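The next block holds one structure in the form of structure tokens; read it before the comments.
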Amino acid sequence: MQRVGILNSAIAKVLADLGHTDTIVIADCGLPVPDGVVKIDLALRLGEPAFADVLAEVLKYMKVERATLATEMATRNGELQREVLALLGDVPHAVCPHEEFKARTRTAKAVIRTGENTPYANIILQSDCIF
């Protein structure tokens, strides 16, 4: 049994399998998951687990080169966006319209679905090289 790290075996495996520039998505409970993309469903009930909690934990174990948020998050969920940017620290980020964001999820290795029930609580994380 693993002593430290992410205990969810599906998330741990996805992170271990990532190569440079591969992407994963951490999503609220409403984001559609494209056909063919692995869905790791953590949603227990509305609001649990929270998006920011899951993001904070993943960021401990994933080297992120860049992040992408929906443009709409700034106006529709500004408080969460500020929290996300603080969690990202010096990781560069970009924004794009939500419809484009959803299209970009088609190439993700996995979508981690949280119980978050606030608008536009979604992020694409692009893996960096660890050497």
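All of the numbers you see were taken from the coordinates with simple rules; none came from a lab. Note that the structure is predicted; figures quoted are calculated from it, not measured. Heads up, the Cβs are rebuilt from the backbone with ideal geometry, glycines too, and the neighbour counts pull from every protein chain shown.
Residue-wise HN-Hα couplings along segment 112-121, as the Karplus relation 6.51 cos²θ - 1.76 cosθ + 1.60 with θ = phi - 60° gives them from phi, are 9, 8, 9, x, 3, 10, 10, x, 6, 8 Hz; Gly and Pro carry x.
Comparing Thr114, Leu18, Leu125 along the charge dipole axis of segment 9-127, the residue lying farthest to the positive side is Leu18, per the Cβ-charge model. Spin-label model, Thr21/Arg3: points 7 Å from Cα along the beta carbon direction are separated by 3.8 nm. Rounded to the nearest 20, the size of the Cβ-charge dipole of segment 9-127 about its Cα centre is 220 debye, with Lys and Arg at +1 and Asp and Glu at -1.
Full extension of the segment from Lys63 to Leu46, taken as 0.36 nm per residue of separation minus the current Cα-Cα distance, would add 3.2 nm.
For the chain, list log₁₀ I(q)/I(0) at each q in 0.10, 0.15, 0.21 Å⁻¹, using the Debye formula over Cα point scatterers of equal strength and ignoring solvent, two decimals each. Cα-only, vacuum Debye calculation for the chain: -0.27, -0.64, -1.37.
Report the gain in length on full extension from Val91 to Ala10: 0.36 nm times residue separation, minus Cα-Cα distance, nm rounded to one decimal. In short, 26.7 nm is gained. For Glu48, the residues whose amide H sits under 5 Å from its own are Gly115, ignoring neighbours fewer than 5 places away on the same chain, with H placed 1.01 Å from N. Put simply, the amide H of Lys39, placed in the peptide plane, has neighbours under 5 Å in Val111, leaving out anything fewer than 5 places away on its chain. Placing pseudo-labels 7 Å out from each Cα toward the beta carbon at Val37 and Glu79 gives an inter-label distance of 2.7 nm.
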